[in-house]
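Shown next, in structure tokens, is the structure this report addresses.
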Amino acid sequence: MIAASRFLFVVGLLPLAWLTYAAWQDLLGANPIERAIRFCGDWALWWLLLTLSVRPLRRVPGLTELIRVRRMLGLFSFFYATLHVMGYVALDRYFDWESTVRDLLKRPYITVGALSFLLLLPLAITSTYGYMKRLGRYWGRLHRLVYISAAFAVVHYWLMVKADHLQPALHGVVLTMLMVWRIPAWKITMRNKTPPF
Amino acid sequence: MPFRWNPELTMQDVTPEEYFLERRRLMKQAALVGAGAVLGLNPLTALGGESQDDTATPYEKATHYNNFYELGTGKDDPAANADKLLISPWSVIIDGAVTKPGKVSLEELLKPHAIEERVYRLRCVETWSMVIPWQGFPLRDLLRRFDPLGNAKYVAFETLLDPQHLPGQTRKILDWPYREGLRMDEAMHPLTIIATGMYGRSLPNQNGAPLRLVVPWKYGFKSIKSIVRITLTEQQPLTSWNQMASEEYGFYANVNPLVPHPRWDQESERRIGEFRRRPTLIFNGYGDHVAGLYAHMDLSRNF
Ligand code: HEM
């Protein structure tokens, strides 16, 4: 399993490696800043959806151990989300905080993206074993915020798009499927009145 | 005073190709100076200097970063799918409130017009901009040939409808065909041209071959591509983006930093190839010539 997580760690850095290389080699097209920001946003969302896929995938024989890398998947989502937000602050707003705050309030898709990011923040901070132990059963409850964050991320994508909503819709379908899959388990826990996780 | 259509930009502003290449090399060397250079952008602006020049956008960028949804919604899709737009034979229908309506072949349509050079800023509603040397002729010269009637108040344009070949038209992203329109005085304004070429070459398909509209003081979506029909009307015509979301895209769509859009703050723009955003100019900097057209209009309501 240690080998697997090391492997995953390297895989997780590949998109960033490609982005760095592409920026250096001028492969990002006519609007490299837009391309870089979008690239990181895409990967933030993909890692997030992958994180949420662990629960169903564990049922597949041979994949039960996947749970051990779930935290890393989630942290990669946070990592790319952070790059995405930093890209926006540095390369779109040029650290002009006044214009950033105005933008956050004025443009709905930016507001929703910020909410998504804000919800990821406590999850990343409390992802350590120490916090897991300290928070006990509250840890699981807290980490249910991930569903809301993912939903906001999809809405963020949807609102950003001008007319062709196919891409955000596909991401929304994947998220919905991952949620629907959980319904039976939630029903049981509701009946038993014990918190899930 | 005679009307001067293009006071700011001339062929002098077009950067020769060798210079692009040289600049590219320099940009790589300057990579250490900042992220802007790493991203292959103009190092001068990467250092924070606000350059307000209007150097022509490199041809490669102007032809590989396009909004032409008929050929796909990604910015590089139109270039990739360019061959799916079949441009010959091509003809244009001119009808509505004109004395001499008809369907004319492209050759017939272009024959009487002397092609001129116009270097214009192009500002997209998505807050990016370019500078493009177009070749074309004033739209008014074309309209006059068909003798508009007194009741002609607007001009409506339509793009080719060809879902069998145009991949974007197989899905109802917009209500195809793409439609645009101008008020008669806007259409007759000397800055408004029909372009048939750019950078001294024939218009690439992804840029709207074989003929397109260019209205430099309006957001790019007004400058409809690959025109097959021009109709003079009495009523304000339907226009595609306005139909799709009228609270976001007005009929006039004049470049205006004071009227924000829910998705894009219009106060500034990124000139393709530059690192820093630059402030957006009202009427895209053509206010001296066109502000008069809107003298009695509330531009925040008629956006
Ligand atoms: C403060 C928080 C955020 C800000 C300011 C922000 C800003 C942006 C911007 C500026 C764009 C590109 C718009 C364009 O190029 O026109 C974008 C697109 C996107 N963002 Fe965010 N974002 C935030 C949070 C997030 C988070 C947390 C996620 C995912 C977990 C995310 C996922 C995406 C995706 C998937 C796209 C579309 C990418 C594409 O078009 O391929 N964003 N966001």
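The values are calculated or read from the model by the stated rules, or taken from the named source; none is laboratory data. Predicted model, so just to flag it, every value in this text is computed and none were measured. So basically every Cβ, Gly included, is an ideal-geometry build from the backbone, and we count neighbours across all protein chains shown. Side chains are part of the model used for accessible areas, which takes the heavy atoms of the whole protein and leaves out ligands, DNA and RNA. Shrake-Rupley method; radii C 1.70, N 1.55, O 1.52, S 1.80 Å.
Suppose R0 equals 45 Å; then what is the FRET efficiency for B:L293 and A:D42 from their Cβ-Cβ distance, rounded to the nearest 0.05? Before the final figure, lay out the partial values.
Numbers: r = 42 Å, r/R0 = 0.94.
Taking R0 as 45 Å, the efficiency between B:L293 and A:D42 is 0.60.
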* Structure fact -> Among B:L161, B:Y178, B:P138, the residue whose Cα sits farthest towards the positive end of the charge dipole of the stretch B:79-195 (+1 at Cβ of Lys and Arg, -1 at Cβ of Asp and Glu, taken about the Cα centre) is B:Y178
* Please give the total accessible area that chains A and B bury against each other, computed with a 1.4 Å probe and expressed in Å² to the nearest 100. => 2800
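So what's the stretch B:155-210 giving for Rg/Rh, alpha carbon basis, Kirkwood Rh from the mean inverse pair distance?
Here Rg/Rh amounts to 1.04.
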* Using Cα positions and a limit of under 17 Å, work out the lysines in reach of A:K133, with same-chain residues fewer than 8 apart set aside. => none
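Over the protein assembly as shown, average the accessible area per residue using a 1.4 Å probe and give it in Å², no decimals. Spell out each step's value before the answer.
Numbers: 23820 Å² over 500 residues.
Value for the protein assembly as shown: 48 Å² per residue.
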* Asked: Hey, rough spin-label estimate for A:K133 and A:T82, points 7 angstrom out along Cα→Cβ, what's it come to in nanometres?
  -> 2.4
* Virtual spin-label span in nm between B:E60 and A:L142, 7 Å along Cα→Cβ -> 5.0
* For A:R102, what charge total do you get from the other residues with a beta carbon under 11 Å from its beta carbon, if Lys and Arg give +1 and Asp and Glu give -1? -> -2
* Structure fact -> Total charge of the residues flanking B:L106 in space, meaning their Cβ is under 15 Å from its Cβ, with Lys and Arg +1 and Asp and Glu -1, is +4
* Could you give me the radius of gyration and the Dmax of the stretch A:60-197, taking only the C-alpha atoms into account and expressing both in angstrom? => 17.4, 53
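Please give me the summed charge of the neighbours of A:L91: other residues whose Cβ is under 13 Å from its Cβ, Lys and Arg +1, Asp and Glu -1. Walk me through the numbers before you get to the answer.
On the way: positive: A:R35, A:R38, A:R93, B:R270, B:R276, B:R277; negative: A:E34, A:D92, A:D96, B:E274.
Here the count lands on +2.
Compute the FRET efficiency between B:S202 and A:W24 as 1/(1 + (r/R0)^6), taking r as their Cβ-Cβ distance and R0 = 30 Å, and round to the nearest 0.05.
On the way: r = 34 Å, r/R0 = 1.15.
E between B:S202 and A:W24, to the nearest 0.05, is 0.30.
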* In nm, give the distance between the simple-model label positions of B:R301 and B:A245, each being 7 Å from the Cα along the Cα-to-Cβ direction. => 2.4
* Radius of gyration and maximum dimension Dmax of the stretch A:111-177, Cα, Å -> 14.4, 47
* Structure fact -> With R₀ set to 35 angstrom, the calculated FRET efficiency between the beta-carbons of A:F95 and B:H113, to the nearest 0.05, is 0.10
* **Estimated dipole of the protein assembly as shown in Debye, rounded to 20 [Cβ of Lys and Arg +1, of Asp and Glu -1, Cα centre]** => 2940
* **Descending semi-axes in Å of the stretch A:13-60, equivalent ellipsoid built from Cα gyration tensor** => 29, 11, 6
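For B:124-137, what's the mean count of beta carbons from other chains sitting within 10 Å of each residue's beta carbon?
On the way: counts 0, 1, 3, 2, 4, 0, 1, 0, 0, 0, 0, 0, 0, 0.
Going residue by residue through B:124-137 and averaging, the value is 1.
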* Asked: Looking at this model, which pairs from B:K111/B:K153; A:K162/B:K172; B:K61/B:K225; A:K106/B:K75 are more than 23 angstrom apart at the alpha-carbon?
  -> B:K111/B:K153; A:K106/B:K75
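Given N residues in the protein assembly as shown, what is Rg(Cα) / (2.2 N^0.38 Å)?
Working: Rg = 26.1 Å, N = 500, 2.2 N^0.38 = 23.3 Å.
Relative to the rule-of-thumb radius for its length, the protein assembly as shown sits at 1.12.
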* **P(r), alpha carbons of the stretch B:156-303 - 10 Å bins starting at zero, rounded %** => 10, 37, 38, 14, 1
* **Interface residues in the stretch A:1-48 - accessible area drops by 30 Å² or more relative to the isolated chain, probe 1.4 Å** => A:A23, A:W24, A:D26, A:A30, A:N31, A:P32, A:I33, A:E34
